[in-house]
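The values are calculated or read from the model by the stated rules, or taken from the named source; none is laboratory data. Worth saying up front: this structure is predicted, and the values here are computed from it rather than measured. Cβ sites come from the backbone with ideal geometry, for glycine too, and all protein chains shown count toward neighbours. Side chains are part of the model used for accessible areas, which takes the heavy atoms of the whole protein and leaves out ligands, DNA and RNA. Shrake-Rupley method; radii C 1.70, N 1.55, O 1.52, S 1.80 Å.
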Amino acid sequence: MLDKTPLRAVRLLPAGHWMSYREGALERRQYWDVPLARDKINDEDKVISASRDLLLDAVGERLAASRRPAILLSGGIDSCLLVGAAAARAAGRLMTVTLVSGAHAQQVELARQVARRFDTEHVEITLGGGELHNNFEDFTWSMSKPTVGSICNYFCSRAAAAHGADTAMTGHQADFIFM
């Protein structure tokens with residue numbers, strides 16, 4: 001399931017793996033894995049505090065480099081945390097962008113609640129098959145791996161730029177870290 005892409009004949013390599021093809025033989029091996037952090041945590045409060053500080057500092061650095069930032073708000077844990085962190089550090093009003101077509105109603109509603117809570121300029125976009133078809137070559141050329149999330153980020157970033165944003169931040173795939 002995690003190896004699927006929107007392109008029928010294209011599959012993803014698992015993270016930390018390499019693949020080679022020589023003389024008709026395909027070889028895939030794991031070269032790296034994330035060490036289990038729970039074995040090294042002695043003080044959970046310190047870890048939570050340090051994680052919060054790192055998130056706030058990282059978001060602050062990105063905000064400082066942007067005139068008009070936008071956050072791609074899916075309604076997931078990562079993007080909701082990102083909006084909260086950005087609101088704590090932003091000098092002005094934030095823009096949030098949510099893709100509503102194809103999204104779960106519960107996530108869209110959570111994105112709307114977060115946008116209201118932090119008083120963002122909230123933009124919602126919908127996509128149809130025609131727009132996907134007309135932009136297929138452009139979005140597949142621009143991404144390193146063709147995943148549904150990457151395609152959503154492509155269209156949300158375009159919408160953010162159309163509304164004046166010069167930076168689009170995303171917590172793409174960080175839900176797993178914050179869970």
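Going by the structure shown, is TYR31 open to solvent by 60 Å² or more (accessible area, probe 1.4 Å) and in contact with a Phe, Trp or Tyr (Cβ under 8 Å, 6 or more places away or on another chain)?
yes
Using the structure shown, decide if LEU127 is over 16 Å from the mean Cα position of the chain (by Cα), under 29 Å from ALA15 (Cβ atoms), open to solvent by 20 Å² or more (accessible area, probe 1.4 Å) and among the aliphatic types (A, V, I, L, M).
In short, yes.
Mind checking which residues of segment 133-167 are among the small types (Gly, Ala, Ser), modelled with pLDDT of 85 or more and exposed (fewer than 15 other Cβ atoms within 10 Å of the Cβ)?
Across segment 133-167, the qualifying residues are ALA162, GLY164.
Among (1) open to solvent by 60 Å² or more (accessible area, probe 1.4 Å); (2) under 18 Å from the mean Cα position of the chain (by Cα); (3) modelled with pLDDT under 95, which single condition is ARG112 missing?
The failed condition is (3).
Would you confirm whether any residue within segment 93-100 is among the charged types (D, E, K, R) and assigned to a helix (DSSP H, G or I)?
no
With ASP57, ASP78 as the choices, which residue is touching an Asp or Glu at 6+ places or on another chain (Cβ under 9 Å) and either without any contact (Cβ under 8 Å) to a residue 24 or more places away in the chain or acidic (Asp, Glu) (or both)?
Result of the check over ASP57, ASP78: ASP78.
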